[in-house]
Amino acid sequence: MKSNNMLLKLLSLMIVSSVLIASCGTAAPATTAPADATDAPEATTAPATEASTGKMYDGVTIDILTFVGPQVAEPLQRRGPDFTELTGATVNIITVPNSELYQKVLTDAVSGTNAYDGYLFAPSWVVDFAPAGLIEDLTPYVEADAALEWDDVAPFFRDFNSYDGKVYSIPLDGDMHMVYYRIDSLEEAGLEPPKTWDDYLAVAKALNGKDLNGDGEGDYGSCISKAPGQQAYWWIWSIAAPYIQSQGTSQGPFFNTTDMTPLVNNDAFKRALEVYKETGLYGPPDETNQGVGDSRGLFLQGRCALTMDWGDIGPLAIDPANSKVIDKTGAISNPGSTEVLDWATGKLVACDATTCPYAVDGVNHAPFASFGGWAGAVNAAVDQKQKDAAYAFFSYMAQPAQSNADVVVGSTGYNPFRISQFENLQPWIDAGFSQVAAEQYLNGIKESFDSPNMAADLRIPKNHEYIQVELDRILAEYIAGNLTTDEAAQQLYDSWETITEDAGRDEQLTFYKGTLGQK
Amino acid sequence: MDTENEEPQPFRLHTIISSAADRLAGSIFILPTVLALLFLSIFPLIASLYLSLAKFDIAPGGFKFTFVGLRNYKKLFTGSEGTHFLGDFAPSTSLTWIVFGLVIIALAIFLARYFLSSNVSIGGLIGRILLTLGLGMLTWMLIHTLWNGGRLGTASTTLVYVFVGIFFQYILGLGLAMLTVQNLPGRRFFRVIFLLPMMITPVGVAYMFRMLTDTSKGPFTPIWQGLGLTDFSWVNNAWGARTAILIGDIWQWTPFMFIVLVAALESQSVEPVEAATVDGANSWQIFQHITWPAILPVSMTLILIRLIEAFKIVDLPNVMTNGGPGTATQSLTYHAYINWRALDLGSSAAVAYMLLFLVTFFSMIFVNLIRHRTVEAL
C-alpha cells in the first residue's frame, strides 16, 4: 500500500513536471525578423503589371487595418474580391474606430505582433512610423509601377505621402476642408456666400431658426460638429489658418519657425476659438456631442444653411436616396479674414499688400488641407510576398480605373487627389452631377489646392499628441464653457511646449521647417 | 550481520524518496497555480507599476521605455493633467471651511475613540490614520470641485458614478425584489423581464440611452416636443450628461441587485415572519426587525461586489457622450484609456494605479468598518 502511494506520488510529480516543461517549451512566441526599412523589395517590377499577367499572389492573404466604415473601408471591402480575382491574394479588411487607429497601428508594429500587412491611415503619421522603420519605403515600388500613374497624383499629395524624399504611403483620397451652403436659402434671404469667417457667422445668424427644408420647423444656421474625440481639432485649424498664415504655404500656421513656440496664445488663435464657439449658437442643441457624420446628415436632410466638411458632401448631395439638397448645394473654398496675425506682437493687424500678399479682394484665405486624405502604407516587418501583395492592393485601389469611379461616389469617403480627376468632368457628370455643380464643386477644391497660401496639416513627430490629444481635450473644455478663451489658449500653449520639450525642441523645429520646405 | 546491514539500503532509499515526495508534493502541486497567478496577475501589476514610472517612445526598430521616476504621478497631481484628474478647485469659502471642519472633527473623534479603546494595535492604528488622511483629502477635493464654480475631475466623477449609482441600484433592486416575492400575478414573467438589462452588453445599453436622450431624433422625440424640449440637450450640461449616464448605469445594474436580493428574500425563514404576523406586527416592523437583518449580510457582499465593479465604468461615458461636455463625464478608466490611446502609457498606468488605490481604499473601509460592524451588530 505504501509502495503504491509512493508510486502514485512519483507519477503525479512526473506528470506535473511534464506539464510545466511542456508549457515552458510552447511559451516561446513566434518571432518575426526585425523590420529593415532600407531593404529593397525583391520584386521591383510593377505589381499591377505582374498581377495582370497571372495570379502571382495565389495563397497569399493580406490583412489591412483601417478606420471603421462604412465610408473609407467600404471601397476596400468591395474591391477586395476583384483584387483576389486578378491576383489570387485574399484581402481581409480589419476596421477599428478612428480614435483608436493610430494606437492600433503602432501597437501592432512596435510590439512585433505584425498582425497587419498594410494600414490605411493618415499620411501625417508617416513621420512617426517611417524613421522607426515600421513602414516600408515604397519608392522602388512606385518607380516601377506604371499603372499607378504617380505623376497624375497632385503634387501636394505626392509630397504629403513622402518622408525624407521617399514615398511611404499611397494616397487613395484627397482631403481639403470646404464650406458648403444652401444656394436656395441664401438667395431667398438675399445673402452672399461667406467670404470671411465674420460673414459666415452673420449668414448663420440670419438663417438660424428659419425653415430650410419646408417641414414647418425651424432649422439651423450652421452645422459644424464639436464632439470630443471626433474632428473638432481639424475644424478649428480651418478657422484659425487664415488669421495666422498669410505669407504663403511655407509660413505654416502651427509654430513659430524661429523657436518652435506654438502660435496659439495670440489674438489670431483666440479669435478662431471665439468663431468656432459662436457657430454653436446657430447649430443644433446637441452639437457638442456630434461628429461629422451627424452634421453631414443634418445638412443633407436640408436642416443646415452652412456647414464645413471635406469633399464628401459634394457627391453625397446628389444622391437622391439620402439627400434633400440636390441642386441646392453650393461649395466654396474656406472663408478667410481681413485681419491677420502680426507674429512679432501676437496682435491682429489689418490686411494690406505687405501683411496679406495673397489676399483676394482684401481677404486673406488659407484653405486647410486637413488630414491629408486616407493613404495606404505597408508594414515593413512582414514577409516580402505579403509586402508585395499589400502594395499591389493599394496601387490597385489608387489606379485611375478604380479611383476615378470611387471619388465620384459620396459614400466611399474618398475625394479627388489626381490631377485628371479635377480636369475631366465626365465621370462626375456620369455620376449625377450637373455640369455647373461639378464645375463649382471641383473648382472649390482646386482653388484651395492651387492657393499659394494653402495651409498643410501638421506633419511632425508626435503630431497625434499635439492635435488629437491635447488640442482635442482643451477644445472640448473650451466648448463646454469650462475654460475662457484666454485660459484655453494659455493651456494649449503650455501643453504643446511640454510635448516639444519632451521630443526635443531643435529636432522638432528641424522637422517642422522641413515639412514647410524651409531650411 | 553483513546481510542485515546491507538489506536496509534499498529500504532507506525508498524512505528518503517517499519522505521527499511527501514534503515536496504539496508545493509542486500548487506550483502551476502559483505560476499562473504570478504570470496573469502579479507580473502585470509589477510591469504596469514600472510603466507608471516610465515614458514610452517610438524608437528605430520598435520602442523604448525611459525611467522618469514619479513624473507621471506629479503630472496627475500638480502638472498638466491636474485639472483633468483632480478637477478645477474653486476658492475656499466660509461654507467649505465649515464643511471641511465638521468632517475633520468627525474623523478626529473616530481616531480618538479607537485610541482610547482597549484593543489598540499598531496595524489598526496605522490603518485608521491612513483612512483619516484619505477621507480628509477626498473631502477637500469634493467640497472644492462639486459646487461654487469648481469642476469635477475624473476622480470625483468616478466617485459620483459609484456612490450615486450603487445607492439607486440597491434601493430599486430591493424594491423590485420585494415586489416579485409577493404572490402577485405575473411575478415570474417580471422576474425575467427585470433581468434583461443585465444581459445586454454595456455598449448596447450606451447606444440605446444615447438614442433615448436625443431630443431631436430618438423615440421619445414626440414627448420632448410635447414638453417643448426639442432645443434641449442632456449632454450640453455637465450634470445633465452625468445624470443621463447614471440613469443608463442604474438601469443596467439594478437587475444584479434585484436577482441576488430575490434569492436572499426567498431564503429567509418563513416561521419568524408568520410568528410576527400572528403577534400583530405590521409590514414595516416585519421588514425592519426580521427581513432586513436576514438580508443584510448578503446586501453587504452585494454592495462590495458592485463597488469594486462600478469603479471601472467606461462604456457608457465613452459611447453616450465621448466623455463630454469637455471632460465632465470621463471616469478614471476612461481617463486611463484616453492616455493609453495617445500612447502616453506612463500616465495611463499612473491613472490606473490611482484607480487601484481608490478601489482598495474604499473596499477596505467597507469591509473593515462597515460590513464587519453591521453584520456583527446583528
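Brief remarks follow.
- Taken over the stretch A:492-503, the residue count meeting the criterion of being more than 8 Å from chain B (Cβ to nearest Cβ) and free of Cβ contacts under 8 Å to residues at least 40 places away in the same chain is 2.
- Among the residues making up the stretch B:171-209, those that are over 21 Å from the mean Cα position of the chain (by Cα), surrounded by fewer than 18 Cβ atoms within 10 Å (Cβ to Cβ) and within 30 Å of A:LEU298 (Cα to Cα) are B:GLY204, B:TYR207.
- Subset of the stretch B:54-89 [out of contact with any helix residue (DSSP H, G or I) (no Cβ under 7 Å at 6 or more places or on another chain), more than 11 Å from every other protein chain (Cβ to nearest Cβ) and part of a loop (DSSP other than H, G, I, E, B)]: B:GLY69, B:LEU70, B:THR78
Residue-by-condition table, conditions (1) in contact with a Gly (Cβ under 8 Å, 6 or more places away or on another chain); (2) basic (Lys, Arg); (3) within 14 Å of chain B (Cβ to nearest Cβ):
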position: A:GLN247; (1), (2), (3): no, no, no
position: A:PHE269; (1), (2), (3): no, no, no
position: A:LYS277; (1), (2), (3): no, yes, yes
position: A:CYS304; (1), (2), (3): yes, no, yes
position: A:ILE318; (1), (2), (3): yes, no, no
position: A:SER323; (1), (2), (3): no, no, no
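- Being within 14 Å of chain B (Cβ to nearest Cβ) and in a loop (DSSP other than H, G, I, E, B) is a property that holds for A:PRO284.
- Selection from the stretch B:147-174 of residues that are of a type outside the set (Lys, Arg) and farther than 24 Å from B:GLU309 by Cβ: B:TRP147, B:ASN148, B:GLY149, B:GLY150
- Counting the residues of the stretch A:460-491 that are aliphatic (A, V, I, L, M), under 21 Å from B:ARG341 (Cβ atoms), touching a residue at least 60 places away in the same chain (Cβ under 8 Å) and more than 8 Å from chain B (Cβ to nearest Cβ) gives 4.
- Exclusive hit being part of a loop (DSSP other than H, G, I, E, B), more than 12 Å from chain B (Cβ to nearest Cβ) and under 22 Å from the mean Cα position of the chain (by Cα), set A:GLY311, A:GLY293: A:GLY311
- Residues (surrounded by fewer than 16 Cβ atoms within 10 Å (Cβ to Cβ) and of a type in the set (A, V, I, L, M)) located in the stretch B:299-322: B:ILE305, B:ILE308
- Residue satisfying condition, being surrounded by 12 or more Cβ atoms within 10 Å (Cβ to Cβ), within 21 Å of A:THR107 (Cα to Cα) and more than 9 Å from chain A (Cβ to nearest Cβ), within set B:LEU40, B:LEU51: B:LEU51
- Options B:GLY124, B:GLY149, B:GLY101: the member that is over 22 Å from B:PHE366 (Cβ atoms), at pLDDT below 90, surrounded by fewer than 17 Cβ atoms within 10 Å (Cβ to Cβ) and not aliphatic (A, V, I, L, M): B:GLY149
- Looking at the stretch B:294-375, none of the helices (runs of 4 or more DSSP H) lying wholly inside it contains 1 or more residues that are closer than 26 Å to B:LEU133 by Cα and facing chain A (nearest Cβ under 10 Å).
- Among the candidates B:LEU212, B:LEU246, residue that is of a type in the set (A, V, I, L, M, F, W, C), modelled with pLDDT under 90 and crowded, with 17+ Cβ neighbours inside 10 Å: B:LEU212
- Single condition A:ILE460 does not satisfy, out of (1) assigned to a helix (DSSP H, G or I); (2) within 21 Å of the chain's Cα centre (by Cα); (3) among the aliphatic types (A, V, I, L, M): (1)
- Those residues of the stretch B:211-253 which are over 32 Å from the mean Cα position of the chain (by Cα) and hydroxyl-bearing (Ser, Thr, Tyr), in sequence order: B:SER216, B:THR221, B:THR230
- In the stretch A:93-103, residue surrounded by the fewest Cβ atoms within 10 Å (Cβ to Cβ) [restricted to those that are over 16 Å from A:ALA130 (Cα atoms) and within 12 Å of chain B (Cβ to nearest Cβ)]: A:PRO97
- The stretch A:227-247 - residue that is in contact with a Ser or Thr (Cβ under 8 Å, 6 or more places away or on another chain) and assigned to a helix (DSSP H, G or I) and, of those, surrounded by the most Cβ atoms within 10 Å (Cβ to Cβ): A:PRO242
- Selection of first residues in the stretch B:200-216 that are not assigned by TED's automatic domain parsing to the domain that holds B:PRO255 and of second residues that are surrounded by 17 or more Cβ atoms within 10 Å (Cβ to Cβ) and modelled with pLDDT under 85, restricted to Cβ pairs under 9 Å at least 6 apart or on distinct chains, gives an empty result.
- Filtered residue count, the stretch A:407-455, keeping only those that are outside any helix (DSSP H, G or I) and of a type outside the set (A, V, I, L, M): 13
- Residues of the stretch B:263-288 satisfying the condition of being of a type in the set (S, T, N, Q) and closer than 24 Å to B:ARG191 by Cβ: B:SER267, B:GLN268, B:SER269, B:SER283
- Members of the stretch A:112-132 that are within 11 Å of chain B (Cβ to nearest Cβ) and either of a type in the set (A, V, I, L, M, F, W, C) or crowded, with 22+ Cβ neighbours inside 10 Å (or both): A:TRP125, A:VAL127, A:ASP128, A:PHE129, A:ALA130, A:ALA132
- Of the residues making up the stretch A:58-78, those that are crowded, with 19+ Cβ neighbours inside 10 Å and either touching a His at 6+ places or on another chain (Cβ under 7 Å) or part of a helix (DSSP H, G or I) (or both) are A:ALA73, A:PRO75, A:LEU76.
- Contacts under 7 angstrom Cβ, first residue in the stretch A:404-429 being among the acidic types (Asp, Glu), partner crowded, with 18+ Cβ neighbours inside 10 Å and part of a helix (DSSP H, G or I), 6 or more apart: A:ASP406/A:PRO75; A:ASP406/A:THR412
- B:SER92 vs. criteria out of contact with any Leu (no Cβ under 7 Å at 6 or more places or on another chain), part of a helix (DSSP H, G or I) and among the polar types (S, T, N, Q): no
- Test for A:SER169: is it crowded, with 17+ Cβ neighbours inside 10 Å, within 14 Å of chain B (Cβ to nearest Cβ) and either among the aromatic types (Phe, Trp, Tyr) or in contact (Cβ under 8 Å) with a residue 24 or more places away in the chain (or both): no
- Yes/no for B:GLY248 being assigned by TED's automatic domain parsing to the domain that holds B:PHE168, farther than 28 Å from B:LEU302 by Cβ and either in contact with a Pro (Cβ under 7 Å, 6 or more places away or on another chain) or small (Gly, Ala, Ser) (or both): no
- In the stretch B:224-258, the qualifying residues are those that are among the aromatic types (Phe, Trp, Tyr) and in a helix (DSSP H, G or I), and the one that is farthest from the other protein chains (Cβ to nearest Cβ) is B:PHE258.
The values are calculated or read from the model by the stated rules, or taken from the named source; none is laboratory data. Because the structure is predicted, anything quoted here is derived from the model rather than measured. Because the Cβ atoms are built from the backbone with ideal geometry, glycine has one as well, and the counts that use them run over all protein chains shown.
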